[in-house]
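These notes concern the structure reproduced below.
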Amino acid sequence: MFTLDGVSLRFGPHVLFDGVSAAIGARERIGLVGSNGAGKSTFLKILAGLQDCDAGTVSAAKNATVGYLPQDGLETSGKTLYAEAESAFEDILSLRAKIAETDAALQALPPDSDAYRDALEIVADAERRLEDADAATLRSRTETVLHGLGFSQSDMTRDTGEFSGGWQMRIALAKLLLREPTLLLLDEPTNHLDVESQDWLETWLQRCAGAVVVVSHDRAFLDAVCGKIFALSSGRLETWNGNYSYFEKASRERRDALRRAARNQAREIAKTEQFIERFRAKATKAAQVQSRIRRLEKIERIEAEEEDAAQISFSFPPAPPSGQVVLELKNAGKSYGAIRVLENVDFRIERGDRIAVVGVNGAGKSTLVRMLAGTEPLSAGTRTEGLHVAVSYFAQHQAKELDPALDVLTTVNDVAAGLGTSRLRSLLGAFLFRGEDVFKPVGVLSGGERNRLALARMLLRPFNFLILDEPTNHLDMRSKAVLAQALKQYAGTFVVVSHDRAFLDPLVTKVIEVKNRGIRVFLGNVSDYLAATADERAREREAFSAAASPKKPKGNDPRERRRASAERLKKLAPIRKKLQETEARIAALEDEQRRFEVAMADPAFFSRGEASKNDVLAYEAAKSALAEAYALWENLAEQLS
C-alpha cells in the first residue's frame with residue numbers, strides 16, 4: 001500500500017536516514033520505535049508528505065489517503081466541539097448542503113415544471129449517496145468517538161477554544177479517527193489520554209479498517225495495538241514481526257549475541273596480532289605470518305552496540321521509616337469558587353502502600369495529589385500526616401524552580417549524598433543527559449529536559465513518602481525502566497499519577513479512581529482495575545451511544561417526501577417521454593388531416609381520377625392513426641396522473 005525505497009535525509013552534517021526502505025501493507029499495525037533523536041517524528045512527516053527527502057522515493061497505492069497526528073500544536077476555536085468533530089465528514093456535509101440548497105430552490109418552482117423534476121432528481125441522487133455513506137449514523141459515530149476519548153455530553157456544545165492543549169489534541173485525534181484514512185500516522189497519541197481513553201483507543205485501532213503507524217513510549221499500548229515494529233537506529237530501519245515485547249526480547253538477544261561474537265573476534269584478532277608481532281622477524285615462520293596477515297585483512301569486523309542506559313541501576317537514598325499510618329484524609333474536599341472538584345474524600349495511606357491514581361483528565365487527579373502533598377489547602381475536612389513522614393512531591397511545574405545559571409551536573413550534585421561524578425553522570429545518562437549534555441546550563445534546556453532533570457534531582461534526596469504526578473512524561477523506554485526498577489526496590493511509600501499502564505502494573509498494589517468529585521479504591525494494579533470496571537464502562541458507552549443514536553422521523557418527513565417524489569419521477573420518466581412523443585405525433589397527424597380536408601373541399605378534387613382515390617385512402621388512414629394516437633395519449637396521461 002505504501003513503500004519507501006532508499007530514503008535518505010540529512011540535516012547539516014547529521015545523517016538522519018541513510019537508504020531507508022520499508023513497506024506498509026493494508027491493515028498493518030506498526031509501532032515505530034527508536035531513541036530520542038533517531039528521527040521517528042520526521043519519518044512520519046515523510047510518510048505524510050510534509051517532509052521532503054534528499055534521495056529515495058515514497059509511493060502509495062491509488063486513491064490512498066493519509067491522516068497525521070503530530071505530538072502537539074493543533075488548536076481550533078469558533079465552533080462547538082460537535083461541529084468541529086463533525087467537520088471530518090466533508091463529503092457528507094457537502095451533500096447535505098447541496099440538498100438544502102436544492103430544497104430551497106424547489107419552493108420557488110412550479111411542481112409540474114421540468115426544472116422542478118430535475119431538482120428532485122438531484123436531491124434523490126444526493127440522498128442515495130448519503131445513504132451509501134451511512135450518513136444517518138453520523139451523529140452517533142461522532143459522539144461515540146468523542147465519548148471514547150473522554151468528552152462528556154455537556155462538552156458537545158462548548159466552543160473548542162475553551163479546551164486546553166491536551167484536549168485540543170484529543171479533538172484532532174477524534175477527527176482523524178472519524179475520517180478513517182487508508183494510513184493513520186500517530187505521534188505519541190497517548191500523551192494526552194487518561195487510562196480509560198487509552199484503553200478505548202487501543203480497541204478502536206485494533207478494529208479500524210486502515211493501516212496504522214504509531215510512535216509511542218508506552219509499552220502496553222504498543223503491545224496491545226501493534227503486530228510489527230519498525231526500529232530506527234543510526235540512520236537505518238529494521239523490521240521486526242511481532243509486538244514491542246517480542247521486539248525488545250529478540251533485539252536484546254541479538255545484541256547480546258553480537259557482543260559475545262565481537263568479544264570472541266577481538267580475542268582471536270589479538271592472538272593473531274600477537275603471533276604476527278612475535279614471529280615477524282623469523283624466516284622459518286614467514287609463511288605462517290603472511291598467512292595470518294592475509295587472514296586479518298579479510299576479516300569483517302563485527303560491530304556491536306555498547307551497553308544501553310537501561311543497564312544502569314539506581315536506588316533511592318535510605319530514609320528513616322515512617323509510622324504505620326503515613327497520611328489520612330477525612331471528609332476532605334476542594335472547591336474553586338462555586339466549582340466543587342472533590343468532596344467527602346476519606347482515605348488512609350499506610351506504610352509500604354504503592355498506589356496509582358487514575359481518572360479522566362479534569363476529574364481532579366492532580367488536585368488530589370496536591371492535597372496529599374500538602375501544597376493545596378483543603379476547602380473542607382482534614383489532612384493528617386503520620387509520624388516521621390518525609391514527603392517528596394514531583395509535578396511538572398517544579399522544573400521552573402531549578403536555577404537556570406547552574407549546569408545539569410551541578411544541579412544534581414547539590415543534592416547527591418556522596419555520589420561520585422562518574423555515578424552521577426551514569427544516572428543522568430539514564431535520564432537522557434549524555435556526554436557533554438551534563439555541562440549545559442539549565443537555562444538553555446527545553447521544557448521536557450527540565451522536567452527530567454527535576455525528577456532526577458528529586459529522586460536523589462532521602463524521603464520515605466513519594467508523590468509523583470506524571471513522572472514518565474518526556475522519558476523514553478530506557479529511562480522509564482531505570483525509574484521503574486528504582487521504585488520497585490524502594491522501601492518507602494509512594495503515590496503515582498500516570499496513564500502508562502506498563503509502567504504502573506508491575507509497581508502498584510492499589511488504585512485510586514477519581515470520578516464524580518469522589519474517589520474509589522481498588523486492590524491490584526491498573527489492569528486489575530480496568531478489568532473490574534469493564535462492565536461499568538461498557539454500560540456507560542451503551543447509554544451514551546443510545547442518547548447519540550439518530551431518532552427515526554415521525555409523521556410526514558420532508559426528506560422521505562422528496563425521496564418518494566424523486567423515485568416516482570424516475571419510474572415515470574419513460575412514460576413522460578412516450579407521452580411527449582405521442583403529443584408530437586398527434587400534432588403531425590392533425591396537420592395532415594387538415595390538409596386533406598382543405599383539398600377535398602375544392603370542387604375540382606374529385607376530377608383527378610386515381611389520384612383523388614389515393615388521397616381519400618390516405619385521409620382515412622390519417623384519421624385512423626389519429627384516433628389510435630388519442631387513445632394512447634389518454635392511457636399515458638392516466639398513468640402520469
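So for segment 404-423 (the condition being touching a residue at least 60 places away in the same chain (Cβ under 8 Å) and touching a helix residue (DSSP H, G or I) at 6+ places or on another chain (Cβ under 9 Å)), does at least one residue qualify? Let's see the steps before the verdict.
Pass one, segment 404-423, residues touching a residue at least 60 places away in the same chain (Cβ under 8 Å): 417.
Then keep just the ones that are touching a helix residue (DSSP H, G or I) at 6+ places or on another chain (Cβ under 9 Å); that gives none.
Scanning segment 404-423, I find no residue that is touching a residue at least 60 places away in the same chain (Cβ under 8 Å) and touching a helix residue (DSSP H, G or I) at 6+ places or on another chain (Cβ under 9 Å), so the answer is no.
I'd like the full set of residues that are in a helix (DSSP H, G or I) and either loosely packed, with under 14 Cβ neighbours inside 10 Å or hydroxyl-bearing (Ser, Thr, Tyr) (or both), limited to segment 601-615. So that I can check it myself, show each step before the final result.
Filtering segment 601-615 for residues in a helix (DSSP H, G or I) gives 605-608, 610-615.
Correct list: 606, 607, 608, 610, 611, 612, 613, 614.
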* To do: State whether the residues of segment 528-538 include one that is of a type in the set (Ser, Thr, Tyr), in a helix (DSSP H, G or I), surrounded by 12 or more Cβ atoms within 10 Å (Cβ to Cβ) and at pLDDT below 80.
  => no
* Would you mind telling me which numbered condition in (1) surrounded by 12 or more Cβ atoms within 10 Å (Cβ to Cβ); (2) at pLDDT 80 or above; (3) among the polar types (S, T, N, Q) residue 274 fails? => (1)
* With the condition kept exactly as written, say whether any residue in segment 91-113 is loosely packed, with under 15 Cβ neighbours inside 10 Å, under 27 Å from the mean Cα position of the chain (by Cα), not in a loop (DSSP other than H, G, I, E, B) and not assigned by TED's automatic domain parsing to the domain that holds residue 192. => yes
* To do: Give me the pairs, please: first residue somewhere in segment 600-623 and farther than 27 Å from residue 585 by Cβ, second residue anywhere and assigned to a helix (DSSP H, G or I), beta-carbon distance under 7 Å, and either six or more positions apart or on two chains.
  => 606/612
* To do: Please indicate, with yes or no, whether at least one residue in segment 76-90 is in contact with a Ser or Thr (Cβ under 9 Å, 6 or more places away or on another chain) and more than 30 Å from residue 196 (Cα to Cα).
  => no
* Asked: Pick from segment 487-506 the residues that are of a type outside the set (Lys, Arg) and assigned to a helix (DSSP H, G or I): which of them is surrounded by the fewest Cβ atoms within 10 Å (Cβ to Cβ)?
  -> 489
* Starting from residues that are over 44 Å from the mean Cα position of the chain (by Cα) and buried (at least 16 other Cβ atoms within 10 Å of the Cβ), keep the ones in segment 114-130 and report whichever is farthest from residue 574 (Cα to Cα). => 116
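So which of 31, 39, 19 ends up being touching a Lys or Arg at 6+ places or on another chain (Cβ under 9 Å) and surrounded by 17 or more Cβ atoms within 10 Å (Cβ to Cβ)?
Values: 39 fails: touching a Lys or Arg at 6+ places or on another chain (Cβ under 9 Å); 19 fails: surrounded by 17 or more Cβ atoms within 10 Å (Cβ to Cβ).
So the residue among 31, 39, 19 that is touching a Lys or Arg at 6+ places or on another chain (Cβ under 9 Å) and surrounded by 17 or more Cβ atoms within 10 Å (Cβ to Cβ) is 31.
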* Taking the stated definitions as given, is residue 76 touching a helix residue (DSSP H, G or I) at 6+ places or on another chain (Cβ under 9 Å), among the polar types (S, T, N, Q), surrounded by 15 or more Cβ atoms within 10 Å (Cβ to Cβ) and closer than 17 Å to residue 179 by Cβ? -> yes
* Taking the stated definitions as given, is residue 208 within 30 Å of residue 146 (Cα to Cα) and surrounded by fewer than 22 Cβ atoms within 10 Å (Cβ to Cβ)? -> yes
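Being touching a Lys or Arg at 6+ places or on another chain (Cβ under 6 Å) and of a type in the set (Asp, Glu): is that true of residue 143 here? Working first, answer last.
Details: touching a Lys or Arg at 6+ places or on another chain (Cβ under 6 Å): no; of a type in the set (Asp, Glu): yes.
No; evaluated as a whole, the condition is false for this residue.
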* With the condition kept exactly as written, say whether any residue in segment 249-266 is on the phi > 0 side of the Ramachandran plot, at pLDDT below 90, exposed (fewer than 15 other Cβ atoms within 10 Å of the Cβ) and out of contact with any Ser or Thr (no Cβ under 7 Å at 6 or more places or on another chain). => no
* Asked: Identify, please: which residue in segment 386-398 is surrounded by fewer than 18 Cβ atoms within 10 Å (Cβ to Cβ) and touching a residue at least 24 places away in the same chain (Cβ under 8 Å) and is, among those, nearest to residue 170 (Cα to Cα)?
  -> 398
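Say whether the condition of being farther than 30 Å from residue 150 by Cβ and either in a helix (DSSP H, G or I) or out of contact with any Lys or Arg (no Cβ under 6 Å at 6 or more places or on another chain) (or both) is met by at least one residue in segment 77-87. Before you say what the answer is, go through the steps one by one.
Filtering segment 77-87 for residues farther than 30 Å from residue 150 by Cβ gives none.
Taking every residue of segment 77-87 in turn, none turns out to be farther than 30 Å from residue 150 by Cβ and either in a helix (DSSP H, G or I) or out of contact with any Lys or Arg (no Cβ under 6 Å at 6 or more places or on another chain) (or both).
Residue by residue, here is whether (1) in a loop (DSSP other than H, G, I, E, B); (2) out of contact with any Phe, Trp or Tyr (no Cβ under 8 Å at 6 or more places or on another chain); (3) on the phi < 0 side of the Ramachandran plot holds:
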{"position": "375", "(1), (2), (3)": "yes, no, yes"}
{"position": "384", "(1), (2), (3)": "no, yes, yes"}
{"position": "388", "(1), (2), (3)": "yes, yes, no"}
{"position": "392", "(1), (2), (3)": "no, no, yes"}
{"position": "405", "(1), (2), (3)": "yes, yes, yes"}
{"position": "411", "(1), (2), (3)": "no, yes, yes"}
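Checking the condition surrounded by fewer than 14 Cβ atoms within 10 Å (Cβ to Cβ), assigned by TED's automatic domain parsing to the domain that holds residue 465, in contact (Cβ under 8 Å) with a residue 24 or more places away in the chain and among the charged types (D, E, K, R), which residue from 436, 401 passes? Before you say what the answer is, go through the steps one by one.
On the way: 436 fails: in contact (Cβ under 8 Å) with a residue 24 or more places away in the chain.
401 is the lone residue from the list that is surrounded by fewer than 14 Cβ atoms within 10 Å (Cβ to Cβ), assigned by TED's automatic domain parsing to the domain that holds residue 465, in contact (Cβ under 8 Å) with a residue 24 or more places away in the chain and among the charged types (D, E, K, R).
Test of understanding: among 164, 197, 140, which residue is under 28 Å from residue 513 (Cβ atoms), surrounded by 19 or more Cβ atoms within 10 Å (Cβ to Cβ) and among the hydroxyl-bearing types (Ser, Thr, Tyr)?
On the way: 164 fails: surrounded by 19 or more Cβ atoms within 10 Å (Cβ to Cβ); 140 fails: surrounded by 19 or more Cβ atoms within 10 Å (Cβ to Cβ).
Selected residue: 197, the only one of 164, 197, 140 that is under 28 Å from residue 513 (Cβ atoms), surrounded by 19 or more Cβ atoms within 10 Å (Cβ to Cβ) and among the hydroxyl-bearing types (Ser, Thr, Tyr).
Look at segment 205-233 and say how many of its residues are free of Cβ contacts under 8 Å to residues at least 24 places away in the same chain and over 20 Å from residue 472 (Cα atoms). Explain how you work it out, then say what you get.
Of all residues in segment 205-233, those free of Cβ contacts under 8 Å to residues at least 24 places away in the same chain come to 207, 224.
Next cut, over 20 Å from residue 472 (Cα atoms) only: 207.
Summing the residues that are free of Cβ contacts under 8 Å to residues at least 24 places away in the same chain and over 20 Å from residue 472 (Cα atoms) in segment 205-233 gives 1.
Looking at 636, 632, 626 in this structure, which one is touching a residue at least 60 places away in the same chain (Cβ under 8 Å) and surrounded by 11 or more Cβ atoms within 10 Å (Cβ to Cβ)? First the steps, then the outcome.
On the way: 632 fails: touching a residue at least 60 places away in the same chain (Cβ under 8 Å); 626 fails: touching a residue at least 60 places away in the same chain (Cβ under 8 Å).
Of 636, 632, 626, the one residue that is touching a residue at least 60 places away in the same chain (Cβ under 8 Å) and surrounded by 11 or more Cβ atoms within 10 Å (Cβ to Cβ) is 636.
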* To do: Could you figure out which of (1) more than 26 Å from residue 365 (Cα to Cα); (2) free of Cβ contacts under 8 Å to residues at least 40 places away in the same chain; (3) touching a helix residue (DSSP H, G or I) at 6+ places or on another chain (Cβ under 6 Å) isn't true of residue 202?
  => (1)
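The values are calculated or read from the model by the stated rules, or taken from the named source; none is laboratory data. Here the structure is a predicted model, which is why all the values come from computation and not from measurement. Glycine also receives a Cβ, built like all others from the backbone with ideal geometry; neighbour counts cover every protein chain displayed.
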